[in-house]
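Working notes, beginning with the structure itself.
The values are calculated or read from the model by the stated rules, or taken from the named source; none is laboratory data. Everything numeric in this text was worked out from a predicted model, so none of it was measured. Protein only, heavy atoms only, side chains kept; ligands, DNA and RNA dropped before computing areas. Shrake-Rupley method; radii C 1.70, N 1.55, O 1.52, S 1.80 Å.
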Amino acid sequence: MMPIIIKCHSCGFTFYSDQQLKSVDEVLRQWGGYRCPPVCLSPLSKMPITMHVKG
Ligand SMILES: [Zn+2]
């Protein structure tokens, strides 16, 4: 299993980091939409950084 990490472009806040594959849409909806939570509040593009990490 490869964990995936979804991060904010500007502040690097990690929205999601788990081994379960989720759609970016689903993750961002849990945070209230396409906006970085109280860290930098910048509107997010539809595609935040998504990384596949070994391990
Ligand atoms: Zn941010």
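Taking amide hydrogens as placed 1.01 Å from N in the peptide plane, the amide H of residue 15 sits under 5 Å from those of 6, 7, 8, each at least 5 positions away in sequence or on another chain. Note on region 1-47: with neighbouring protein chains present and a 1.4 Å probe, carbon and sulfur make up 57 percent of its accessible heavy-atom surface. Across region 5-22, coupling constants 3J(HN,Hα) worked out from phi with the 6.51/-1.76/1.60 Karplus curve, θ = phi - 60°, read 10, 10, 10, 6, 5, 7, 10, x, 4, 8, 6, 8, 8, 7, 8, 7, 6, 10 Hz, and Gly and Pro carry x.
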